[in-house]
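The values are calculated or read from the model by the stated rules, or taken from the named source; none is laboratory data. Being a predicted model, the structure only gives us computed values, none of them experimental. With ideal geometry, Cβ positions are generated from the backbone for all residues, glycine too; neighbour counts draw on all protein chains shown.
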Amino acid sequence: MDSSKKNDVHSNSSELRVDADALKYTVPCDKCTGVSNISSNGLCGTNVTVIGIGRLGLGLALLLEAAGHRVVGVDVNADYVQCLNDKTFDSKEPGYTELLQNCKHFTASVDVDEGITHADLVFIMVQTPNAGGERMYDHAVVSTVLQQINDRRVRDKHIIIGCTVMPKYIDEVASFLLSDCLNTTVSYNPEFVAQGEILQGMLTPDIVLIGTHSPQVCAILKDLYAKIVRNAPTFHVMTPREAEVTKIALNGYITTKISFANMISDACDALGADKDRVLHAVGSDSRIGVKCFKSGYSYGGPCFPRDTLALALCLKHCHVKNDLLLAADAYNKIHCDVMCEAMLLEDKDAYVIENVCYKEHSNVPIIEESPKLKIAQKLRCASKKVTIKDQAHILNEVKKQYGNIFAYIEKKG
């Protein structure tokens with residue numbers, strides 16, 4: 001298996017090293033010492049709350065703190081919260097541990113009341129896992145958080161939902177769940193980042209998507225991002241519904257592009273043509289581009305597969321044909337079969353498969369929808385011995401899911 005040919009949005013990125021001091025900025029006024037000083041002109045050293053401080057939420061919270069904000073992060077796991085406050089938490093996500101060690105104004109809490117009282121700007125970054133069926137995303141946790149906020153009859157708050165939701169959720173569900181909160185807005189501001197490169201994605205985004213009905217929220221978020229990002233992203237301001245569609249449409253296009261590249265790659269192998277030369281030539285056309293257009297493994301992970309199917313479901317609900325998305329998803333599975341068949345032609349009795357995270361060479365132990373593990377399973381079904389070689393913490397995740405069907409070798413370094 002050629003590890004140099006993996007399709008990856010950030011395949012050329014280097015390891016992120018975060019200089020926490022370099023992210024600090026000086027607040028140029030004395031107005032920013034109160035609990036929540038949000039003005040109509042934007043954000044100026046204000047307090048911020050992040051509800052849901054898993055990988056994505058913690059990254060946002062730490063970057064906000066490094067940019068000069070006083071941040072409270074809320075999570076239901078008391079042991080995790082204690083580790084964050086003790087600064088004993090060690091993350092495999094690049095840059096997290098360093099930022100946590102250097103932070104001075106970040107506090108983790110299990111108390112929703114503390115988070116809501118702390119700030120008028122509240123990000124909700126909880127999980128919306130795959131629910132399947134006619135919903136795709138499970139909105140139960142984010143809806144529960146909104147109900148908790150509504151139960152407290154808060155006022156003058158800006159609620160920013162950053163987790164992926166289905167189109168119409170903000171307008172039809174979230175707004176309704178906050179109906180008892182006076183002068184409180186709810187907006188949509190999803191991140192476009194990859195697990196294993198979260199900070200890099202947040203620091204250097206191509207786009208920033210702001211879905212809101214509030215000009216004040218738009219100004220606040222633009223000011224906030226200006227103090228975090230290291231590049232000059234394009235800001236796209238639109239309604240929440242437009243932003244909800246944009247989020248899944250973008251990922252749906254990327255997966256379609258990956259599947260198309262893999263299909264042409266498989267055709268080149270069958271024709272005896274150089275697949276890399278062909279794809280590079282096609283991708284060099286500015287209308288197409290070379291990103292995510294290389295021969296490689298199928299796409300996987302916690303976002304691409306489900307966002308593709310979520311978009312297909314959205315199209316179905318709109319009575320728009322979704323054949324294109326379903327074909328991309330179908331060929332993503334077929335490509336694993338093609339790669340497995342090519343390996344079986346080598347006629348070996350045993351195979352060693354390395355770097356089995358969904359994102360190759362990642363140090364973050366996420367194996368969800370890993371194409372390499374799917375191929376490994378197919379090899380086992382063909383009565384081949386398969387050994388998984390990876391770092392110990394990644395092997396532990398594989399063992400939990402697959403048990404003794406594979407042999408395991410720990411990869412050092």
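Observations on the model:
- Residues in region 146-161 that are surrounded by fewer than 21 Cβ atoms within 10 Å (Cβ to Cβ) and under 27 Å from Lys247 (Cα atoms): Gln147, Gln148, Asn150.
- When Ser295, Ser383, Ser362 are checked against the criterion of being out of contact with any Cys (no Cβ under 7 Å at 6 or more places or on another chain), polar (S, T, N, Q), in a loop (DSSP other than H, G, I, E, B) and closer than 27 Å to Gly59 by Cα, a single residue qualifies: Ser362.
- Some residue of region 355-369 being more than 30 Å from Glu93 (Cβ to Cβ), at pLDDT 95 or above and not assigned by TED's automatic domain parsing to the domain that holds Arg55: no
- Candidate set from region 185-194 (those that are of a type in the set (S, T, N, Q) and outside any loop (DSSP other than H, G, I, E, B)); member that is nearest to the chain's Cα centre (by Cα): Ser187
- Per this entry, Lys374 is counted among residues that are out of contact with any Ser or Thr (no Cβ under 6 Å at 6 or more places or on another chain) and at pLDDT 95 or above.
- Within region 369-382, residues that are more than 10 Å from Val356 (Cα to Cα) have Cβ atoms under 8 Å from residues that are of a type in the set (Asp, Glu) in these pairs: Lys378/Asp337, counting only partners at least 6 apart in sequence or on another chain.
- Residue that is surrounded by the most Cβ atoms within 10 Å (Cβ to Cβ) [pool: residues in region 232-269 that are of a type in the set (S, T, N, Q) and closer than 11 Å to Ile207 by Cβ]: Thr246
- The residue list Lys227, Lys294 contains one member that is more than 20 Å from the chain's Cα centre (by Cα), in the same structural domain as His158 (by TED's automatic domain parsing) and not aliphatic (A, V, I, L, M), which is Lys227.
- Pairs, first assigned by TED's automatic domain parsing to the domain that holds Lys168 and over 17 Å from Leu224 (Cβ atoms) in region 113-136, second of a type in the set (S, T, N, Q) and at pLDDT 95 or above, C-beta under 6 Å, six or more apart: Gly115/Thr49; Thr128/Thr164
- Restricted to strands (runs of 3 or more DSSP E) entirely inside region 117-171, those with at least 1 residues that are under 20 Å from Asn189 (Cβ atoms) are 121-124, 158-161.
- Any hit, region 313-336, residues being in contact with a Cys (Cβ under 9 Å, 6 or more places away or on another chain) and part of a helix (DSSP H, G or I): no
- From Gly300, Gly272, Gly283, residue being surrounded by fewer than 21 Cβ atoms within 10 Å (Cβ to Cβ) and touching a Phe, Trp or Tyr at 6+ places or on another chain (Cβ under 8 Å): Gly283
- Here the condition is being of a type in the set (Ser, Thr, Tyr), farther than 20 Å from Leu221 by Cα and touching a strand residue (DSSP E or B) at 6+ places or on another chain (Cβ under 6 Å); of Thr97, Thr144, Thr128, it holds for Thr128 alone.
- Number of positions in region 176-192 that are surrounded by fewer than 23 Cβ atoms within 10 Å (Cβ to Cβ) and touching a His at 6+ places or on another chain (Cβ under 9 Å): 2
- Residue within region 42-52 that is part of a loop (DSSP other than H, G, I, E, B), modelled with pLDDT of 95 or more and touching a helix residue (DSSP H, G or I) at 6+ places or on another chain (Cβ under 8 Å) present: yes
- Residues in region 217-240 that are touching a residue at least 24 places away in the same chain (Cβ under 8 Å) and either acidic (Asp, Glu) or touching a Phe, Trp or Tyr at 6+ places or on another chain (Cβ under 8 Å) (or both) were compared, and the one that is nearest to Leu62 (Cα to Cα) is Lys227.
- Restricting region 195-239 to residues that are part of a loop (DSSP other than H, G, I, E, B) and among the acidic types (Asp, Glu), the residue that is farthest from Gln127 (Cα to Cα): Asp206
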